[in-house]
Structures are given as structure tokens and as C-alpha cells.
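This report refers to the structure that appears directly beneath it.
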Amino acid sequence: MTSVVWIIPLLPLAAFAAVTFWGARLPGRGAYVSIAAIVLAAIGGLAVLAQVTGGARADLTYTWVAAGGRPIVVGFIVDPLSAVMLAMVGCVASLITIYSVGYMAGDPHYPRFFAYLSLFQFSMLFLVLADNLLFIYAGWELVGLCSYLLIGFWFDRPAAARAALKAFIVTRVGDFSMMIGILMLYLRTGSLRFDDVFHALGTGALGGTFLTVAALLVFGGAVGKSAQVPLHVWLPDAMEGPTPVSALIHAATMVAAGVYLVARAYPLFLLSPDHEALTIVAWVGGITALLAATLAIVEDDLKRVLAYSTMSQLGYMMLGLGVLGYSAGMFHLLTHAVFKALLFLAAGSIIHAVATNDMKRMGGLARAMPITFWTFVAATLALTGIPPFAGFFSKDAILLAAYAHDRVLWVLGLAGAFLTSLYMGRLCWYAFAGDFRGGAVPGAAHGDGAAHRAAGPHESPAVMTVPLVILAVLAVGLGWIGAAAFGDPFGRLIRFAGLEAPAGNGGALALSVAAAAAGWAAAGALYRWRIVAPETLRRDLGALYTLLVRKYYVDDVYDWVFVRAGAGAVWIAGAIDRYVIDGLVNAAGWLAARLGLGLRYAQSGREETYLLLAALGVVVIVLARLAW
Amino acid sequence: MTGVLSLVLWLPAAGALVLLAVPRERVAALRVTALAVALLDLAAAVAAGAWIDPARAGTLQLVERVPWIPSIGISYHLGADGLSLPLVVLTALLVVLCVAYSWRVETRVKDYMILLLLLHTGLIGVFLAQDLFLFYVFWEVSLVPMYFLIGIWGGPRRGYAAMKFFLYTLAGSLAMLLAILVVYLHATPRTFDLVELVARRPLAQNLPLAVLAFWGFFLGFGVKVPLFPFHTWLPDAYAEAPTAGSVLLAGVLSKLGAYGFIRIVLPLLPDAFRQFAGLTAVLAVIGAVYGGFVALAQTDFKRMIAYSSVGHLGYVMLGVAAAAAAGGGAALGDAAGKALTGATLQMLAHGIITGALFLVAGVLADGQARTGNLTEFGGLWARVPVLSGVAVLAMLASLGLPGLMGFVAEFLIFLGAYQVFPALTVLALVGVVLTVAYFLWAIYRLFFGPLNARWAALPDLDGRERWVLAPLCGVMVVVGMYPGPLVAMINAAVTNILGLVR
């Protein structure tokens, strides 16, 4: 399998082509083709993972183009890092694609949805297999495109169309930085392959401040893609896309690509002088982990809460990588992919049933939708880091690494863990407890769950609940592959030579569990037992509440600085072109015409004749001046 | 197989002669004949491509050389290499598509088709001529039919646009003629033969005169590209020209200038060009960034594409300038090769992509929509999915999406140019972000949002329009995914040219 690993991404690409051109005429209106392709790709990914666990490695290189002195060599790499991602993306994407059959049923653009999903799957698998910056960048842009197309899938909704535009442009700012980083690395190393770039670190061709700057510019791409502060503003809006898209692209895979990139390019960050680049990665991650969690507390839109949660968890992964917890960060990427995909799919199941995203209009769903409820709870426990669910092992590993590296960052992480339990507890009690509070606002736009608005809350069909159950089993059990008690098989597979995980620390462990438990207790006190009413808190902490609701005014600042000021600059540029530069040209023309008017009585004829005469005159003068 | 280049060159002109004999009112016969001629010419161009030995794509092949006016050293000298041949094929392809698209032209069909075919010969001639006099003749020949195409079949402000285009380019041509004469008069023996001139490089020892000649060429080619600040004829001409005219203006005429820089200035006046490469790069980058800003300000679809062309041709010239600046040093040989290969590929990519964009804009403006005002559209995707899909594909290709043709070109330019002009290249990348912004905004205004009820009956692309756009889409995707062979061919040619520079 490893020597033909390029087949894996090609399968969904073929499905994309088929569904695009024949769409509705294919089995399942194209859905079955997409599913077959991604399931085969997942099987391939698992086979590769099995082989890699057994020690297989491969690096398949090709010449992309031969231009200039050095041909550009690119290739696909099979190593533990890519194999784990391959298997994860394949499996999660398979389940989500199957789920979509139920979720998207009845949508007028049903085949187009599956075509986009297949294109995305191709792009993501391609990105994961890249052994070079060119393919990473190519996959990076393509997943960004798919994200754009799928956020804007219901393009006739203005909010969706705007969100798509915003997502593409904001992430493209990050890609701009990444491209400069790539150009810098190529300048010094003459290659785009990671191997060659890392080799240059050893020879001294790459190092010093130059390396730090280049690494951070590359990281800029990751900041955009993984919605880290300050390029995080697109992700909450991206929830305008259909919920399976949020699960696949904006939770499990694409947004994690930034973390994967840092892991893939890890030596660049690690070997920058004094770990400077790595330290910045850690701080960006830590700050995002905490800030995003604070925003989730005041959000009423179910999916947006999960979006902030994703941002926050991606922050944890960056934090983990930044504090030398290489395998901890990647482990969290894996477990998060599972439980966050599950949370979104379960949320989709809810939205499908109640036709609203507003958790305050839900309630009582535990009884109406038991499978959705129990799987959601399993994922929530995993997210909040309650032992022995999956997230406990991975988040704890990150916090342990932070504790060993930098206590301030550890405190940020700990505070984030507390808030995670608080906002998830709030969400659970609003959505599932009490009585149903009415669901959709009548007359709301079509979209998620549109086909089912008429009925009351009800459990979703099996095509949706079976993927939920499979993911729930993983959310419960997957953590053990990183448990020290079992010898930490994940950590032995995904490790960075020279970095060993810090020894277990009972005190730190107890504190992180305590923080999570305290968050749950606080949520219970506020939303279940109402020891303090949330309304009272909101009134008493009015300024803070407003600050959070306005998302720290970041969107407003960007609007003023970039959108409005940008529009002004654009207007000025347009005016300059029309009136100044073209004005000068026309003034010259006018002057010439005036002169011509004066002369017109001396001659008769057409403009062309004049020009011809002028041309001949020049020729004569030049010949005269130069020849003699 | 000598003679095939002459065939490619003169077939359209011969077709124009044939059309002269067809009565004016036999519109169908006129159209079919023109299309047949264009198709035959495309076949001949492709055949010429098949004859060329890719392993030797760096040297001129299929050469034809016959003395024309021997007393002053003018010869009929044609030749093709990896630089000119793809441009010839591009021209032939676009003319075929333009003729097919122009089925809807109803006024003065005979004149229209004759002018189109004459333009065709002029354009091919510029790319094949290896004699400066011949080059100049074809350069001027290509100017006249376009003037009439804009002036007669153009939009409401066609008279203004045509005259502006004509005066601008004529002024540039005169400067170029002066430069040609300077070179000619200092060659011993006197000759206009480009190959001989490049081999002898008459002005190598006389830098002030070389600089003078450089500025002559610079004005001539710079206006044609166009380089900032000589670009203001472009939006008027592009927007007012009939659709086929816009396609050929953007697709081919804008390549003449950059081609001239690469084919003539770079090998003939390397030292002078190197001296002003920095300035050229600055103007190119201003064009890239400023073009992006002004494109964002446009509300007319065609004008937006026109300014986007200013930006994209800025990348081309950045690549050319980087190659000119780097040409001297062996250390930067890789940079020069990548930048120049990228620039050439960008010329082709821009021809294909912008050609497709103008055709889409034409379908809207010439067809039932009768407008190109972006603010009047909205939600078209739901109504015309094929047109929307093609337009979005072309816009994505234009904004440099990997997997499509434009990306390969831009990436090579940036990879090469960054090694020579790092700061300017970073600025040019700002232009890429702007490109993303204006195209996505155009997509948003055209295709997203609720469907404007005015367009509830807008027809999608018809069969002929699909056939016209399909080849362009195919090339975008195929070259984007598998650029190797085309890049190798171009690289061989530019390596040879850069070898001459050194």
C-alpha cells in the first residue's frame, strides 16, 4: 500500500469528477459514489497505518516541473504522522459522508453537496501526504476553496454568502504570510521538500533570526487555517454552512491542518534560536484556548458554541506543540477530531429535529432524542476532560507538558479547562433538560432541517444515528491508546526524536481534573440548580458581558480598519486612475487636438495621414542624425 | 518540414482574401469559411508543434529564411522555439473560439471576419518573425484591424476607446521603430536579422546608445503590455471592444509587449535592461497592487477583468525584470530561469483564463442580460449553473488556485523573483490577496445571494457557447495538474535566451 499511497486521495477526486458531471444520474444521486470512494480511501488509510506501525516508511518523489537550474521535486510521504492523519481523515470523513445522506435528504442541490465533499476529501488527503511545502500549500488552498464553497452552500442566504467570503479572505491573509515563509525557505535551501529544508538546518544554511522569521511566517498560514487569534474571526461565521460540513471541515480535519503543519515542520520551530518560534506558537495557542472559551459562555447558537470550542481546543493543540509536547498535541488532534465531529453531528441531529440553532429554544431533548442525547453526553465528557473519556488523556498530556515547561501557560490551559466544562454544561442543560421551548421561529429561512420543520422533536434516522454511535464508542475508548498504563502506544508511534514526554505528575493531574469538575459544578449551580440565576450574573457583570457578546470588538475593529478603510482606499485608487492618470493622458490628447485645430487649415486629410507623416518624419530625422 | 510556419502565418490572410470574394449577404457562408480557415490554421499550428523537437525546444526550429530586401539587410526570417510556439498555438486557438463566438455578430459580418483573420496573421507574424523589420511590420499590421474592430463593433464609447488605443500604441510603436533603427545602424554589416543581431550585439560596447535603444523598446513594449502608468488605454479598449476583440486584446495583444521584452530586449540589450530592471520591476509591482485596488473599485464586469489584467501582466513583467536583473550572475541563474519560465507561462495562462472570463462577460452583456453591471446581478448560480461554474472556475484559475494553470505560473514567478527582488515580490503578493478579494466579491455579487427576479428567465450557456468555453476550461485544468511538458518546453527556450544574456 505504501508505494501506491497516492491512490488514496485520487479516489475521492474521481468521485468528485463523476458526481460533478453526472450527479443526479448516479446511484444515490451521487452520494453512494462519494461514500464508496471515501470508505475505500479510509480502508487504504487504515492499511497504511497498520503497515507504518509495523515499521514501513516511504517517500515517493517526482519532478513537478523543471524550470531554471534546479527542478522542483515534490512527493508523498508515508510516516507515522501522515499515516495517522490519513486514517483519521478517512474514517471521520466516511462517517460524516454517510450521515449526510440523511441530513441533506431533500435538499435541491443534493448532488452538488457530495461533489464538494469529495473534492474536500481529496484535498485534505493530498495535503496530509505532502512531503513538501508546495503540495502542502496546494492542498491548503484547495481545502480552503472547499470550505468556501461549502460554507456558501446555501448561497442564496446572504449570511452564508458573506460568511464564505469572509472565511476565504481571512484565511488567505494567513496564506499570504505562509507563501512568504515558503519563498524564504526556498531562497536559503533551494528546495521545497521538508527533508532538504531540515537538512539545511543541520548544515547551518538555515538558522538564526532568518529561520525564526521564516518559521513564524509559515505559522501565519496555520493561524489562519486553524482560526487562532488574531485570524480567528471567520470560524464562528463559518457555521452558516450545513452541519456535516462544520463537523468535517470546521472541526475534525481542515482546521486541524494548521496543527498538522506545525507538527510536520516541527524542526523549523524547535531549532529556531532559543525555541523563539515555538514559544510564540505556544502563546498563540494558549491565548486562543482561553479567549475562545470565554466567548463560548455567552453564545446562544448551538453551533457557534461548538465553533468557539473548536478554536479553543485547536489552541490547546498549538499549546501542546509549543511546550515540547509533540505527541500530546497530535494526540489531542486525533481525539478532538473524533469527539468534536461527534458533537457537531449530534448537534446536527438536534437542529434537524428542532429546526433552530438557538439553544434557548430547545430543551427537553434528552427524552425526545435518546441516542443523540447519550452520544452527545459521551462527547461532552470527552471534551471536558473527564476521565476516562478520550479527551482526558490527550488534554491532560498537554497540560502536563505545559506544567513542565512554563507555568503561566499551564495556568491559561487550566483556566480554559474550567471554562470548557462551564460552557458545555450550560449548553447541555439548555438543550436537553427541562421542557421543549418551541424550536424554529416561524418563517425562518430554509436550510438545516428545513424538510422537517413541521414535526416536533424526534430522533433522527439510522443513517444519522449509527455514525453517532460509532463515534461515541471512539470518544469513550480511544484515549486508552495514549494511556501510560498501556504503554502509550500512540506516543511510541508519534514521537519526535529527542523530546520525551515529562514524567507523570499526580498533583498536576489532580488539578486539571479538578478544574474540569469545578466547571461542571459551576454550570450546574447556574443552569441546573440556579443557585445564582444567569440573568442576575448578566446584569451584575454587564460590562464584561457586553465585551464578550461583542467578541472583544475584534470584528468591529477589523471592519473599521480593513473593510471601511479598505473601501476608502479602493475608492481613491479608482478616482486616481480615472481622473489623475487618465486625466493627464486626456489633457495631452486635448492639447494635441488644439494644436491640430490650429493647423487644420493648413492641411486637409485624416488623422491617420497625420500620424503616418509624423512617423515618416521621425524615421527621416533618425536616419539623418545617425547615419551621417 | 520547412514551410509549415509560413502556412500558419499566411493561411488566415489567404482566408481573408477568399472572404473578399464571398457576397456580403451570404452571412452563413462567411461565418463557416472564417471558422474553417481558423480551424485549419489551428491544426497547422498544432502540427508545427508536433514537428518541433521538444529536446531542442531552446533553439529556433522550422526556420525559413529568404532574402527580402538584401540591400538593407532585411530578410523574410521565420522560426519557432519553446517561447513562440505556445503563443502561436494560443493565438490560433483563441481566434477559432472568437470566430465561433462571433456567430451572434450580425452587422457587417464580412468586414468583421476579414478583419479578424487579418489580425490573426498579424499576431502570428509577431511571434514568428526573426527579423526586426518583419517584426515591426507585423506589429503594425496587428494594430489596424483591432482599431477597426473596436471602432465599428464596440460598445457605446467605441470611438473614444479605439482612438485612445490607436494613439497610445502608435506612439509606442514609433519609439520602438527608433530603437530598431538605432540597433540597425550600429550593426556591421547592417542587418535587421534578429538572430545575427543577438549574436553580435552591436550596442554592447556603447552603453549610452544601448540605453537610448532600450527606452525606445521600453515605450513600445511597455505601452502594449501595458506597464503602469501607460495602462489607461486598456480598460477603455477592453471594455468597449466587442467580445472577440476583448478576448484577443487580453489574450494575445497584451502578450506582444512582454514577448518583445523577452525575445528582443533581453538578449539584445542585456546590460541596459539590467540597469533598468529594478525600475521595470517597481512599475510591474505597482501595476499588480494598484491594478488590484482599482479592480475592486469597478462595478462593470469587463472593466474589472481589464484591471485584473493590469495586475496579472504586472506579475509577468516582474518575472521578466527579475530575469533581466539576475541574468548576469551565475548564482542567480536558477532564479532567472524560474522567473522567466513563470512569466512566459503566465502569459499563456492569462491568455486562456482571461479569454474565458471575457467570453463569459460577453455571454452576459451580448446575450439576454444586456448588461455587465455587477451590482445588477445576484443569485445567478441557481438560474444558470453551467455559466456560473465556468465563470467561477476561470476566476479561481485567475486568482491562482493550485491545480489550475495560473498557479503554476505565479508560483514560478514568485519563486524566481523573490531571489532577486524580495521586497517587491512580497508587495506583489499583496496583489494576490487583492485578486482574491475582487474575484470573490464578483462571485458574491454575480452568483450568490437571492436570485434577482429580473434574471428569472436568463438562459444558461447554449451549445455553441459551451463548445467555445470547454477547451479553455480543459487547458486550465490539464496544465494546472500536469504542467511538466509545457514548462519543460518553455524552460528550454528561456534557458537559451538567458544563455545568450550571459
Next on the checklist: Anything in the stretch B:485-502 that is crowded, with 16+ Cβ neighbours inside 10 Å and modelled with pLDDT of 90 or more? List them, or say none.
Outcome noted: B:LEU486, B:VAL487, B:ALA488, B:MET489, B:ILE490, B:ASN491, B:ALA492, B:ALA493, B:VAL494
Checklist outcome for this item: In the stretch A:140-156, residues that are of a type in the set (Gly, Ala, Ser) and more than 8 Å from every other protein chain (Cβ to nearest Cβ) total 2
Next on the checklist: Step by step: first the residues of the stretch B:419-440, then only those that are in contact with a Leu (Cβ under 7 Å, 6 or more places away or on another chain) and either within 30 Å of A:ALA161 (Cβ to Cβ) or without any contact (Cβ under 8 Å) to a residue 24 or more places away in the chain (or both), then the one that is surrounded by the fewest Cβ atoms within 10 Å (Cβ to Cβ). Which residue is that?
Outcome noted: B:ALA437
Next on the checklist: Let me spell it out: the conditions are (1) within 11 Å of chain A (Cβ to nearest Cβ); (2) in a helix (DSSP H, G or I), and B:GLY287 meets all of them except one. Which number is the exception?
Outcome noted: (1)
Item to check | Residue within the stretch A:199-206 that is crowded, with 21+ Cβ neighbours inside 10 Å and within 14 Å of chain B (Cβ to nearest Cβ) present | outcome: no
Checklist entry - Condition test on B:ALA258, is it in contact with a Ser or Thr (Cβ under 7 Å, 6 or more places away or on another chain), among the aliphatic types (A, V, I, L, M) and part of a helix (DSSP H, G or I)? => result no
Item to check | Residue match in the stretch A:196-205 (condition: part of a loop (DSSP other than H, G, I, E, B), over 30 Å from A:ALA15 (Cα atoms) and in contact with a Ser or Thr (Cβ under 7 Å, 6 or more places away or on another chain)) | outcome: yes
Next on the checklist: Taking the condition of being within 14 Å of chain A (Cβ to nearest Cβ) and aliphatic (A, V, I, L, M), how many residues in the stretch B:334-369 meet it?
Outcome noted: 8
Item to check | Cross-chain or 6+ apart pairs with Cβ under 6 Å, the stretch B:448-466 first and in contact (Cβ under 8 Å) with a residue 40 or more places away in the chain and on the phi < 0 side of the Ramachandran plot, then in a loop (DSSP other than H, G, I, E, B) and of a type in the set (Asp, Glu) | outcome: B:PRO450/A:ASP156
Next on the checklist: Being buried (at least 16 other Cβ atoms within 10 Å of the Cβ), away from chain A (no Cβ under 14 Å) and at pLDDT 90 or above is the requirement here; does B:VAL182 meet it?
Outcome noted: no
Checklist outcome for this item: Among B:ALA199, B:ALA210, B:ALA237, the single one that is under 17 Å from the mean Cα position of the chain (by Cα) and assigned to a helix (DSSP H, G or I) is B:ALA237
Checklist entry - Scanning for something closer than 26 Å to A:VAL229 by Cα, out of contact with any Phe, Trp or Tyr (no Cβ under 6 Å at 6 or more places or on another chain) and surrounded by fewer than 17 Cβ atoms within 10 Å (Cβ to Cβ), does the stretch A:532-541 turn up at least one residue? => result yes
Item to check | Number of positions in the stretch A:176-193 that are facing another protein chain (nearest Cβ under 9 Å), crowded, with 21+ Cβ neighbours inside 10 Å and not in a helix (DSSP H, G or I) | outcome: 1
Checklist entry - When A:ALA93 is evaluated against the numbered criteria (1) surrounded by 23 or more Cβ atoms within 10 Å (Cβ to Cβ); (2) away from every other protein chain (no Cβ under 14 Å); (3) not in a helix (DSSP H, G or I), which criterion, by number, is the only one it fails? => result (3)
Checklist entry - When you look at B:LEU486, is it at the interface with another protein chain (Cβ under 10 Å from one of its Cβ atoms), in a loop (DSSP other than H, G, I, E, B) and either in contact (Cβ under 8 Å) with a residue 12 or more places away in the chain or under 19 Å from A:GLU141 (Cβ atoms) (or both), yes or no? => result no
Checklist entry - Quick one: is B:VAL478 modelled with pLDDT of 90 or more, facing chain A (nearest Cβ under 10 Å) and closer than 30 Å to A:LEU134 by Cβ? => result no
Checklist outcome for this item: Of all helices (runs of 4 or more DSSP H) fully inside the stretch A:554-607, the set with 3 or more residues that are more than 52 Å from the chain's Cα centre (by Cα) and at pLDDT below 80 is A:582-599
Item to check | Residue list for the stretch A:224-254, filter: over 19 Å from A:VAL284 (Cα atoms) and assigned to a loop (DSSP other than H, G, I, E, B) | outcome: A:GLY241, A:PRO242, A:THR253
Checklist entry - Does A:GLY363 count as surrounded by 19 or more Cβ atoms within 10 Å (Cβ to Cβ), out of contact with any Ser or Thr (no Cβ under 8 Å at 6 or more places or on another chain), outside any helix (DSSP H, G or I) and not hydroxyl-bearing (Ser, Thr, Tyr)? => result yes
Checklist entry - Looking at the stretch B:462-474, which of its residues are assigned to a helix (DSSP H, G or I) and either among the acidic types (Asp, Glu) or surrounded by fewer than 23 Cβ atoms within 10 Å (Cβ to Cβ) (or both)? => result B:GLY463, B:ARG464, B:GLU465, B:ARG466, B:TRP467, B:ALA470, B:PRO471, B:CYS473, B:GLY474
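If the requirement is being of a type in the set (A, V, I, L, M, F, W, C), within 11 Å of chain B (Cβ to nearest Cβ) and within 21 Å of the chain's Cα centre (by Cα), which of these qualifies: A:VAL218, A:VAL173?
Details: A:VAL218 fails: within 11 Å of chain B (Cβ to nearest Cβ).
Only one candidate passes the filter, namely A:VAL173.
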Next on the checklist: Yes or no: the stretch A:55-64 includes at least one residue that is buried (at least 17 other Cβ atoms within 10 Å of the Cβ), within 14 Å of chain B (Cβ to nearest Cβ), at pLDDT 90 or above and assigned to a strand (DSSP E or B).
Outcome noted: yes
Checklist entry - Can you tell me which of A:LEU81, A:LEU127, A:LEU86 is under 19 Å from the mean Cα position of the chain (by Cα) and within 14 Å of another protein chain (Cβ to nearest Cβ)? => result A:LEU127
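Taking the conditions exactly as written (surrounded by fewer than 22 Cβ atoms within 10 Å (Cβ to Cβ), modelled with pLDDT under 95 and small (Gly, Ala, Ser)), does B:ALA50 satisfy them or not?
In short, yes.
Restricted to the stretch A:100-143, and to residues that are charged (D, E, K, R) and not in a helix (DSSP H, G or I), which residue is surrounded by the fewest Cβ atoms within 10 Å (Cβ to Cβ)?
In this case the residue turns out to be A:ASP107.
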Next on the checklist: Out of the residues in the stretch A:61-75 meeting the condition of being in contact (Cβ under 8 Å) with a residue 60 or more places away in the chain and touching a strand residue (DSSP E or B) at 6+ places or on another chain (Cβ under 9 Å), tell me which one is nearest to B:MET481 (Cα to Cα).
Outcome noted: A:TRP64
Checklist outcome for this item: Picking from A:ASP196, A:ASP156, A:ASP175, the residue that is touching a residue at least 12 places away in the same chain (Cβ under 8 Å) and of a type outside the set (Phe, Trp, Tyr) would be A:ASP175
Checklist entry - Do we have any residue at all in the stretch A:324-347 that's farther than 30 Å from A:ASP488 by Cα and in a helix (DSSP H, G or I)? => result yes
Item to check | Sole exception among (1) more than 14 Å from chain A (Cβ to nearest Cβ); (2) not in a helix (DSSP H, G or I) for B:ALA92, by number | outcome: (2)
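The values are calculated or read from the model by the stated rules, or taken from the named source; none is laboratory data. Since the model is a prediction, treat every value here as computed from it, not as a measurement. A quick note on method: Cβ atoms are made from the backbone with ideal geometry, for glycine too, and the neighbour counts reach across all protein chains shown.
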